Amino acid sequence: MKGLKKTALLLLLLTLGITLVSCLRARNLKNDHVTYTVNWGGEDGEITYTGLAHHKDYGWITSRDFYTLDGIYALPGGRGSKIFDTAGNLVKGSEVDSGETYYAFWKPISVVLCFDLPSGSTFEDGTDRKEMLVDYTGTLPAVFPKATDEYGVEHVRWHLDMVNGERVSQKLVTDTYGNLLEGLETVANYCTVEPTRNEPYVITFSPYTEYETVTGDKTVTLTFDFGGGVASEFLLEVYSDIDPSCFWYGEHADRELVGWARHPAECSEFVTEIDNISENMTLYAVWKNYRTIRLHLHNNRVKSLRVYQGEPILLDEAIALVGTAFENWYEDGDFNTVASRIVTYEGTVSDYYAKFTPKSTLDEGSHRLTLTYAYGQDEVFEIKLGQDIKNCLWYGTEGGRELTEWRGSGDDPVRGGTLTADTALGAVWKLYKGIRIHMYDGLVKTMRLYEGESYRLRSLPDREGDEFDGWYLDPDFRDRAPSTITFSDAQSDYYAAYEVTERRG
């Protein structure tokens with residue numbers, strides 16, 4: 001009996017000992033600190049995790065511009081296990097270890113596109129208002145819904161009216177057929193007000209209607225001042241829009257027209273389009289003087305560069321083919337006169353020749369870059385440690401085709417960067433046709449139309465005393481051109497015709 005009592009007492013003491021140790025371990029666990037990192041998507045913050053509880057006061061971020069937190073995951077992009085919920089609480093069954101990195105996953109806020117009609121107008125289903133739910137990262141519909149006014153006239157041109165209840169300038173977003181204008185597709189471009197968490201944006205569009213000024217004037221004059229006494233004037237209806245295609249850019253007498261500004265000396269903010277012009281306006285051409293230099297490289301390749309006035313360039317070390325080493329730049333093909341590496345607009349040398357000398361081995365840390373142009377034509381370069389490969393990527397035209405991109409094993413084009421291993425890139429060629437668009441006052445816009453693409457000839461604004469009369473295929477304005485140019489039937493020249501409506505002067 002005494003033995004049984006002793007056994008029971010020993011078991012009791014053992015149980016108490018185990019319980020005490022467990023409590024001590026629990027106490028130590030409660031006070032234990034686990035340090036880990038949360039990648040917030042561009043903002044890394046180290047958070048101290050204490051025990052088995054977590055709180056948002058420990059630096060938790062629940063929202064950022066136009067996005068809300070979905071949770072913290074073990075892998076980027078919302079992949080792997082979800083470790084913390086949106087409030088920063090540890091998900092049931094998850095464990096956090098010191099030294100680990102976890103990743104925030106954000107979801108875009110919802111945006112409501114509202115199509116609001118004026119009184120008396122209706123959509124095809126008889127309603128006067130439509131709403132569409134999209135994401136901040138989404139796009140607008142390519143064609144806006146059809147609607148008519150009280151007289152049965154169709155609303156085809158729509159403008160941006162309000163953002164979150166705040167009225168904004170009436171920016172046209174569709175053409176005369178209700179098609180969304182190019183460059184205005186992304187929803188994010190319309191979100192300008194500070195977002196409110198868990199509350200959707202409301203972007204309101206309304207049909208465009210004509211307006212009159214207080215004075216009753218219905219026309220304004222837009223003047224393009226090229227400088228030197230050369231200017232073009234256009235007579236426009238009040239509140240009409242000037243499309244970017246009406247702005248001329250080009251070169252003339254070793255200078256490049258780089259933009260249009262509201263003041264002759266202004267060049268920081270260019271005007272690229274005009275919405276709802278309401279008063280006479282003059283835009284001034286901003287020119288940049290330049291000269292062209294030619295870099296003579298390996299295998300008779302020549303790369304042309306422009307050196308602008310006031311913007312000197314530094315000639316980088318030319319990248320050499322495997323088996324050669326770059327020595328220096330020279331002013332002549334016989335390599336007698338070493339050239340200055342700094343090239344200015346005021347300089348006199350136009351041709352620079354890279355001299356390469358033979359060598360047997362690669363430099364330490366170098367890698368091979370193989371460029372395949374077409375039909376097995378390869379060039380193999382030696383890329384030194386930290387050397388950018390963009391200086392050996394050649395772009396140009398050859399027999400009606402243009403080398404537009406270099407691609408490797410990935411989906412995105414390669415435009416430069418350094419190498420960490422031997423790499424091979426292949427050239428991407430596109431067939432093209434050169435097109436000259438004769439606009440007005442002798443101004444010619446040149447462009448390339450690539451295979452599989454098309455270009456729409458937009459109407460030009462009327463000039464003072466002259467009304468735009470369409471596009472033609474000949475300078476005598478006998479053969480009308482189609483509104484859309486396709487690659488298969490593209491011609492070399494297109495001419496803008498103007499009909500004289502009143503005599504000037």
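Here are the numbers for the structure shown:
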| read-out | value |
| --- | --- |
| Considering residues of region 240-266 that are touching a residue at least 60 places away in the same chain (Cβ under 8 Å) and either buried (at least 16 other Cβ atoms within 10 Å of the Cβ) or more than 27 Å from the chain's Cα centre (by Cα) (or both) only, the residue nearest to Asp441 (Cα to Cα) | Trp248 |
| Wholly within region 316-432, strands (runs of 3 or more DSSP E) carrying at least 1 residues that are within 33 Å of the chain's Cα centre (by Cα) and of a type in the set (Phe, Trp, Tyr) | 378-383, 401-407 |
| Pick from region 415-441, criterion of a type in the set (Val, Ile, Thr) and surrounded by fewer than 17 Cβ atoms within 10 Å (Cβ to Cβ), ranking: farthest from Gly452 (Cα to Cα) | Thr420 |
| Residues being modelled with pLDDT of 85 or more, open to solvent by less than 30 Å² (accessible area, probe 1.4 Å) and part of a strand (DSSP E or B) - total across region 452-492 | 4 |
| Total residues in region 271-283, condition open to solvent by 60 Å² or more (accessible area, probe 1.4 Å) and free of Cβ contacts under 8 Å to residues at least 60 places away in the same chain | 3 |
| Selection from region 123-142 of residues that are more than 14 Å from Ser206 (Cβ to Cβ) and surrounded by 11 or more Cβ atoms within 10 Å (Cβ to Cβ) | Thr127, Met132, Val134, Asp135, Tyr136, Thr137, Gly138, Thr139, Leu140, Pro141 |
| Residue count, region 265-293 (criterion: modelled with pLDDT under 80 and either touching a Phe, Trp or Tyr at 6+ places or on another chain (Cβ under 9 Å) or of a type in the set (Lys, Arg) (or both)) | 4 |
| Answer from Ala231, Ala265 - the residue that is farther than 30 Å from Trp394 by Cα and in a strand (DSSP E or B) | Ala231 |
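The values are calculated or read from the model by the stated rules, or taken from the named source; none is laboratory data. As the structure is a computational prediction, the values presented were derived from the model and not from experiment. So basically every Cβ, Gly included, is an ideal-geometry build from the backbone, and we count neighbours across all protein chains shown. To get the accessible areas, we keep the full protein, side chains included, count just its heavy atoms, and leave off ligands, DNA and RNA. Shrake-Rupley method; radii C 1.70, N 1.55, O 1.52, S 1.80 Å.
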